[in-house]
Amino acid sequence: MLLLRGIALRACIVWLLVHGMLFVLSGGEVRGLSLHALLLLALFGGIVGVVDSRRRQEFLFLMNMGIPASAVPLIWVASIAALEGLLHVAMRLIL
């Protein structure tokens, strides 16, 4: 699990950057996104993560360590989906 922590950290950074872009493009008027939009953002983050992991050649490294290649996209999507879910709940509680 220690090896996957770096992947989860980069997923959080991608999530922050995507939300930063949404905030700037909307003029600061993002109050709450629909569940459909949250899932699309998680999927987009997962695709970006797979491209990044391929670029860093992490798939081969993790497979040599006994971690299946399918775990990398799942970690990216799960990390971003968890952050989106927490943000969604927090926004519902605040507003």
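A few notes on this one:
- Filtered trypsin sites (Lys or Arg not before Pro), the chain: DSSP coil and at most 14 other beta carbons within 10 Å: 31, 56
- Which of 72, 18 has the fewest Cβ neighbours within 10 Å, and the rest in rising order: 18, 72
- Against the chain, whose longest principal axis is taken from its Cα atoms, helix 35-55 shows a tilt of about 30°.
- Taking other C-beta atoms within 10 angstrom as a stand-in for reagent exposure, 15, 76 fall in the order 15, 76, fewest first.
- Dipole moment magnitude, nearest 20 debye, the chain about Cα centre, only Lys, Arg, Asp, Glu C-beta charged: 120 debye
- Applying both filters, DSSP loop and at most 15 other Cβ atoms within 10 Å, to the GluC sites (Glu not before Pro) of the range 26-95 gives 29.
- In the chain, Rg over Rh equals 1.04, where Rg is the alpha-carbon radius of gyration and Rh the Kirkwood radius from pairwise Cα distances.
- Degrees, to the nearest 10: 71-94 long Cα axis against longest axis of the chain: 20 degrees
Where a number appears in this text, it was derived from the coordinates with a stated rule and is not lab data. As the structure is a prediction and not an experimental result, all values here were calculated from the model. Methodologically, a virtual Cβ is constructed for each residue, glycine included, from the backbone with ideal geometry; neighbour enumeration extends over all protein chains shown.
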